[in-house]
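Colleague: If you scroll down you'll find the structure; I have some questions about it.
The values are calculated or read from the model by the stated rules, or taken from the named source; none is laboratory data. Since we're looking at a predicted model, the values are computed, not measured. FYI the Cβ positions are ideal-geometry reconstructions off the backbone, even for glycines, and counts take in every protein chain you see.
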């Protein structure tokens with residue numbers, strides 16, 4: 001009995017394992033506790049192991065690769081069609097085992113410890129930004145209860161809140177004034193933490209040659225460059241730039257049949273964080289495109305005249321995604337076409 005392919009349904013404590021031989025016959029069905037996973041696979045001959053890309057999957061892929069196995073991660077949406085009957089751990093492990101053996105299956109690249117460390121900085125910074133946005137919205141809503149209305153935006157609150165706290169004639173109760181003073185300190189602390197993360201990301205970008213090459217593209221700064229490099233490394237996990245753009249959700253949905261192409265709205269699939277960064281970066285590039293004469297600027301200005309700024313921003317982000325893939329996968333420098 002030689003096991004050639006294994007599917008693992010990952011969990012917090014109990015993992016379900018399904019293995020088959022070279023003929024596809026089931027030869028292993030077993031539950032493993034978290035503490036016994038490494039010991040179990042250390043005793044097996046090297047084989048192909050598939051797992052769904054979920055929390056902890058990259059850790060287990062690295063750990064099993066050290067044991068001599070070939071670990072591959074699959075997006076959950078690609079495993080679902082191979083599951084028979086109802087959803088449970090046993091059926092999931094069997095479906096993963098079947099999916100990992102398909103010759104045309106697309107896999108998620110396993111991230112190194114260094115890549116995950118960079119993404120950890122981005123995720124924590126993203127959380128702090130969300131906390132700051134929530135705090136600003138709450139303060140504006142609470143002030144409105146006292147008839148004090150501030151314009152939208154963090155900068156407006158930073159400028160307006162000290163004036164409100166110092167103004168004695170706004171009928172703000174002392175208890176509420178104390179609370180708003182505390183919230184002002186909380187906002188300042190969040191600003192400080194976000195600035196610290198930004199400086200950290202700037203240093204990471206300065207030390208990474210690939211990020212430096214990406215930042216030569218309009219609308220791509222240290223934040224976008226380091227996030228992309230940490231997410232896809234050299235980009236060779238994608239066949240071409242269009243596949244990378246599709247992975248980011250920057251290509252239209254298709255419902256084509258009979259040779260007739262039907263394209264819908266942008267799919268918005270894939271990494272929301274990277275897609276958001278690229279779209280915001282393209283909005284920044286649009287502010288300068290009217291004053292430039294290169295071919296890309298002329299193209300996007302013509303698109304703005306035919307459609308609108310939002311469509312132009314998303315379309316430019318899709319173009320930038322393809323350029324980014326070419327820069328990384330082909331190890332090239334960005335050259336602006338005249």
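A quick yes/no check of all residues on (1) outside the structural domain of residue 195 (by TED's automatic domain parsing); (2) farther than 30 Å from residue 49 by Cβ; (3) touching a strand residue (DSSP E or B) at 6+ places or on another chain (Cβ under 9 Å):
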{"site": "106", "(1), (2), (3)": "yes, no, yes"}
{"site": "121", "(1), (2), (3)": "no, no, no"}
{"site": "134", "(1), (2), (3)": "no, yes, no"}
{"site": "138", "(1), (2), (3)": "no, yes, no"}
{"site": "141", "(1), (2), (3)": "no, yes, no"}
{"site": "144", "(1), (2), (3)": "no, yes, no"}
{"site": "159", "(1), (2), (3)": "no, yes, no"}
{"site": "164", "(1), (2), (3)": "no, yes, no"}
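Colleague: Please pick out the residue among 137, 91, 104 that is over 21 Å from the mean Cα position of the chain (by Cα) and surrounded by 15 or more Cβ atoms within 10 Å (Cβ to Cβ).
Modeller: Unique residue meeting the criteria: 91.
Colleague: Something else about it: Of the residues 132, 102, 80, 128, which single one is part of a helix (DSSP H, G or I) and without any contact (Cβ under 8 Å) to a residue 24 or more places away in the chain? Before you say what the answer is, go through the steps one by one.
Modeller: Details: 132 fails: without any contact (Cβ under 8 Å) to a residue 24 or more places away in the chain; 102 fails: part of a helix (DSSP H, G or I); 128 fails: without any contact (Cβ under 8 Å) to a residue 24 or more places away in the chain.
Unique residue meeting the criteria: 80.
Colleague: Out of (1) in contact with a helix residue (DSSP H, G or I) (Cβ under 7 Å, 6 or more places away or on another chain); (2) under 29 Å from residue 58 (Cβ atoms), what's the single condition that is false for residue 304?
Modeller: The single condition residue 304 does not satisfy is (2).
Colleague: If you go through segment 1-14, how many residues are part of a strand (DSSP E or B) and under 26 Å from the mean Cα position of the chain (by Cα)?
Modeller: 3
Colleague: State yes or no: is residue 204 over 25 Å from residue 278 (Cβ atoms) and more than 17 Å from the chain's Cα centre (by Cα)?
Modeller: No; evaluated as a whole, the condition is false for this residue.
Colleague: Okay, next question. In the set 313, 337, 317, which member is in contact with a helix residue (DSSP H, G or I) (Cβ under 8 Å, 6 or more places away or on another chain) and assigned to a loop (DSSP other than H, G, I, E, B)?
Modeller: That would be 337, the only listed residue that is in contact with a helix residue (DSSP H, G or I) (Cβ under 8 Å, 6 or more places away or on another chain) and assigned to a loop (DSSP other than H, G, I, E, B).
Colleague: Looking only at segment 15-26, which residues are part of a strand (DSSP E or B) and out of contact with any strand residue (DSSP E or B) (no Cβ under 6 Å at 6 or more places or on another chain)?
Modeller: none
Colleague: Could I ask something else about it? Here is a list: 213, 239, 199. Which entry is loosely packed, with under 13 Cβ neighbours inside 10 Å and either touching a residue at least 40 places away in the same chain (Cβ under 8 Å) or part of a helix (DSSP H, G or I) (or both)?
Modeller: 199
Colleague: Of all residues being exposed (fewer than 12 other Cβ atoms within 10 Å of the Cβ) and touching a residue at least 12 places away in the same chain (Cβ under 8 Å) in segment 31-53, which is farthest from residue 92 (Cα to Cα)? Just the residue, please.
Modeller: 45
Colleague: May I ask you to list the residues in segment 244-268 that are closer than 19 Å to residue 224 by Cβ and surrounded by fewer than 16 Cβ atoms within 10 Å (Cβ to Cβ)?
Modeller: Within segment 244-268, just 268 meets the criteria.
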